[in-house]
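Since the structure comes first, as structure tokens, the remarks are kept for the end.
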Amino acid sequence: MLNQRLEISVRNAQLDDAPRLARIFRESWRLAYAGIIPAMHLEHEILRRDAGWWRRVIRTESNLLVITLGETIAGYATCGRARGGRRDTGEIYELYLAPVYQGVGLGEHLFEACRATLDELALPNLIVWALAENDAARAFYRRCGGRLARRSCVRLGKSIGIRVAFEW
């Protein structure tokens, strides 16, 4: 039997990553948000973020990171200056893994890559928002050391949900 090791790495997204990013988005959102986000709105968001959408984002977004396991993209994250926050605060806007790669430590690796990116941007504080009903996301950010800081309402299609902020 061959003993092989797959290398884990994080890099900036490239244009040819777009179809895989669309698939990761679709699979991870269906897993994370079924029963939380109204079904019609969930499917609308998934359809909107097709490969063409991802190519446009890759062309303009400098902090769209992908985590790879060998040659396979396992997930992605986006980060930058916090929206509506203090000038010294960064934000992880999205962090998602394909369902098959969840729970094996890749999320923490991607989280730390975002932290390093934000440190390079001189943003020492961090905020991350998650839907209050997303138990897996809340548990993940607690394991990463985040403290629950605040709550707010968010529109989810024609419904209103609650989101919570974790800060570091």
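Couple of notes before you dig in:
- Extreme residue, modelled with the lowest pLDDT, among residues of the range 111-168 that are over 18 Å from Arg83 (Cβ atoms), of a type in the set (A, V, I, L, M, F, W, C) and part of a strand (DSSP E or B): Ile160
- From the options Arg83, Arg5, Arg87, residue that is modelled with pLDDT under 95, in contact with an Asp or Glu (Cβ under 7 Å, 6 or more places away or on another chain) and exposed (fewer than 15 other Cβ atoms within 10 Å of the Cβ): Arg83
- Test: residue in the range 119-126 that is farther than 22 Å from Ile24 by Cβ and either of a type in the set (Ser, Thr, Tyr) or crowded, with 18+ Cβ neighbours inside 10 Å (or both): yes
To keep it simple, each residue is scored yes or no on (1) over 25 Å from Ala13 (Cβ atoms); (2) touching a Leu at 6+ places or on another chain (Cβ under 7 Å); (3) among the small types (Gly, Ala, Ser).
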site	(1), (2), (3)
Gly103	no, no, yes
Ala136	no, no, yes
Arg143	yes, no, no
Arg147	yes, no, no
Val154	yes, no, no
Gly157	yes, no, yes
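- Some residue of the range 81-91 being within 15 Å of Phe166 (Cβ to Cβ), in a strand (DSSP E or B), of a type outside the set (Val, Ile, Thr) and within 15 Å of the chain's Cα centre (by Cα): yes
- Qualifying residue in the range 20-29 (condition: over 30 Å from Ile162 (Cβ atoms), surrounded by 16 or more Cβ atoms within 10 Å (Cβ to Cβ) and without any contact (Cβ under 8 Å) to a residue 60 or more places away in the chain): yes
- Just one residue in the set Glu94, Glu167 is among the charged types (D, E, K, R) and under 29 Å from Gly70 (Cβ atoms); that residue is Glu94.
- Top-ranked residue of the range 139-163 - restricted to ones that are closer than 23 Å to Glu43 by Cα and of a type in the set (D, E, K, R), ranked as surrounded by the most Cβ atoms within 10 Å (Cβ to Cβ): Arg163
The values are calculated or read from the model by the stated rules, or taken from the named source; none is laboratory data. Please read these numbers as outputs of a predicted model, since none were measured by experiment. Ideal geometry is used to build each Cβ from the backbone, glycine not excepted, and the neighbour counts take in all protein chains shown.
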